[in-house]
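The values are calculated or read from the model by the stated rules, or taken from the named source; none is laboratory data. All values derive from a computational prediction rather than experimental measurement. Note that we place each Cβ from the backbone using ideal geometry, even for glycine, and neighbour counts take in every protein chain shown.
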Amino acid sequence: MFDDFVSSWGLFYPSYITGWLVAFSLSLVGVFVVAKDQIFISAAVAQASSFGVALGLWLSLATGIAWFGSDVALMNSAVLFAVLAALFSSHSIRRDSVEAVTGWIFLSASSGAMLLLTHSPHGTEEVHRLLASSLIGATQFDMWVFVGFAVFTVFMLLRYWQALLLFTLDPRMAATTGLSVWRWGVFKALWLGLAVGLSIRVSGMLYVFACLVLPALVAKRLCGEIGRLLWVTPIIALFASGFGFVFANHYDFPPGQVTVAVLCSLLVLVWFLRANQE
Amino acid sequence: MFKEWRQSLVSAKNILPVEQREKPVINQENQIPLLQVENLSLAYGKRVILENVSFEVHAGEFWFLLGSNGMGKTSFLNCLLGLIPAQHGAYHLHPVLRSRARIGFVPQQCSFNPSLATSVREFVSLGLVGIETHKSEREAALHFALQQLNLTAFAQRNYWSLSGGQQQRVRVARALVRRPYFLLMDEPTNGLDLAVQSALLEDLARLQHEGLTILLVSHDLQLATQYATHVALFNSGKVQAGTAADLLTTPILKQLYGTQQLPHCPHCLTAHV
């Protein structure tokens with residue numbers, strides 16, 4: 001199985017490395033999503049990011065300006081909508097809760113993406129590709145983008161782990177220590193939006209959503225301290241994506257879906273182990 | 001002041017009995033109030049919460065903010081914490097408090113995710129956010145805070161596996177790890193049984209005697225009569241502030257709480273006489 005994987009390396013290494021870096025980075029960002037129990041927010045942000053890609057494709061078709069459909073334009077559009085969704089989904093609007101706002105973002109982005117591209121050639125296919133996840137198309141450029149993002153993520157966590165954690169878990173307490181809640185709120189929305197927006201076009205919604213929440217959910221069951229999530233979570237993400245890619249290559253399955261299946265199985269396993277222990 | 005306070009904490013062996021708590025520790029910094037509130041008004045939109053509140057808090061005092069629900073006690077605390085702006089007026093903090101590094105805060109409840117295991121040690125260490133320290137200093141501060149609340153033996157335990165009283169002590173330790181001059185507490189005794197309330201207040205009273213200034217939001221008149229050196233009575237947007245001896249009297253409390261039966265307190269008896 002491993003020999004097959006090694007032989008495919010020359011052709012697919014940008015996709016493999018990009019997939020691992022996406023899993024690594026998103027799992028670290030996901031620690032904060034899971035710590036706050038904001039699982040649905042990450043789904044809404046991923047969906048809004050997909051809408052950004054769909055909007056770019058629609059604009060290129062509707063206006064005839066090819067630039068709107070270029071990689072750079074689609075990446076920017078995905079990041080923009082992911083950041084906007086992250087910013088809005090962390091606030092209640094008037095008397096409606098954060099969950100209600102998040103639900104609105106998820107539903108409007110889902111239906112909007114589909115409606116925009118329904119009548120365009122290959123449009124529905126493109127939306128389905130975004131939802132279903134395909135890692136095969138990643139380029140060397142994508143790989144280096146994610147090297148940069150992974151380095152940035154590690155730096156931020158090493159430097160500001162405790163401040164980020166306190167802000168995430170207890171913003172009122174964080175404010176009393178002198179942290180600017182507004183600034184940290186914007187930073188976290190940008191960080192989540194950037195992580196999802198950069199990943200979505202390369203790896204699709206399924207893989208992005210899974211890497212955001214599943215490794216941290218597995219690690220949460222294994223760790224007795226929040227601080228340990230910081231290194232256990234990316235190990236789980238890398239293990240699942242590593243095994244998933246090798247397995248998928250050998251049996252000719254889509255690697256994203258296999259990785260998600262591995263992560264889901266791991267979560268069931270730790271639920272079972274914890275239930276037995278308790 | 002901090003060095004003195006730290007030394008006093010290390011050397012303090014004898015704790016003054018409750019009845020000797022009328023006079024707080026006085027030091028040179030006492031001349032400048034730790035907190036000076038001047039004609040402070042708070043409002044949510046057009047709804048006025050507090051109007052022209054003025055009082056001063058000096059080092060070593062133990063303040064109880066008393067009043068019924070919805071009278072603006074927690075809003076006032078939130079204003080001091082910088083969470084809501086004043087509509088009119090202002091409050092001034094002592095220069096040593098302006099960076100907020102030496103202000104401790106104990107919330108009423110913990111907003112952490114209960115499904116996320118966190119050790120007592122980790123929980124308390126989050127109180128050091130915003131303070132640049134070396135690892136050895138952090139360790140010393142952690143040890144100090146856990147020791148002050150008799151939590152050293154619980155350091156590795158999961159916060160969520162502790163009882164309500166122990167969890168509240170951990171929240172106090174998280175505030176103390178900053179080695180504060182000024183401790184703000186939002187209804188810390190809510191939901192605790194009488195024995196646990198009493199033990200927590202005894203710890204706070206000991207810290208107050210060792211130089212810590214405490215401002216505590218509460219509904220509990222009984223605890224105020226036992227532990228407060230000063231009180232601020234919140235009622236319909238107005239605040240009466242002064243020493244516990246002057247304000248915890250039957251006529252004033254009746255005015256504040258209506259016909260509710262008042263707890264036994266030495267000040268109230270004095271007023272009757």
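Screening A:ARG129 with (1) basic (Lys, Arg); (2) touching a helix residue (DSSP H, G or I) at 6+ places or on another chain (Cβ under 9 Å); (3) over 30 Å from A:TYR16 (Cβ atoms) gives one miss only, at (3).
For segment A:154-163, check the following and say yes or no: at least one residue is over 17 Å from the mean Cα position of the chain (by Cα), among the hydrophobic types (A, V, I, L, M, F, W, C), buried (at least 20 other Cβ atoms within 10 Å of the Cβ) and within 14 Å of another protein chain (Cβ to nearest Cβ). No, that holds for no residue. The set of residues in segment B:161-171 being outside any loop (DSSP other than H, G, I, E, B) and over 15 Å from B:ARG121 (Cβ atoms) consists of B:GLY164, B:GLY165, B:GLN168. For segment B:103-126, a tally of residues being within 17 Å of the chain's Cα centre (by Cα) and either crowded, with 20+ Cβ neighbours inside 10 Å or closer than 11 Å to B:TYR159 by Cα (or both) returns 6.
Each row is one residue, and each column tells you yes or no for (1) in a helix (DSSP H, G or I); (2) surrounded by fewer than 19 Cβ atoms within 10 Å (Cβ to Cβ).
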| site | (1), (2) |
| --- | --- |
| A:ALA174 | yes, no |
| A:LEU179 | no, no |
| A:GLY185 | yes, yes |
| A:GLY197 | yes, no |
| A:LEU214 | yes, no |
| A:SER265 | yes, yes |
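Selection of segment B:110-144 for residues being touching a residue at least 12 places away in the same chain (Cβ under 8 Å) and either part of a loop (DSSP other than H, G, I, E, B) or touching a Cys at 6+ places or on another chain (Cβ under 8 Å) (or both) yields B:CYS110, B:PHE112, B:PRO114, B:ALA117, B:THR118, B:GLY130, B:ILE131. Considered as a group, the residues in segment A:130-147 that are exposed (fewer than 15 other Cβ atoms within 10 Å of the Cβ) and within 16 Å of the chain's Cα centre (by Cα) include one that is modelled with the lowest pLDDT, and that residue is A:ALA132. Filtered by the rule that a residue be more than 14 Å from chain B (Cβ to nearest Cβ) and surrounded by fewer than 21 Cβ atoms within 10 Å (Cβ to Cβ), segment A:216-240 gives A:TRP231, A:ILE235, A:LEU238, A:PHE239.
Filtering B:GLN156, B:GLN148 for residues that are within 14 Å of chain A (Cβ to nearest Cβ) and closer than 25 Å to A:GLY227 by Cα leaves a single hit, B:GLN156.
Test B:ALA90 against the criterion of being assigned to a loop (DSSP other than H, G, I, E, B), within 30 Å of B:ASN39 (Cβ to Cβ), more than 9 Å from chain A (Cβ to nearest Cβ) and in contact with a Leu (Cβ under 7 Å, 6 or more places away or on another chain), and give yes or no. So B:ALA90 fails the test.
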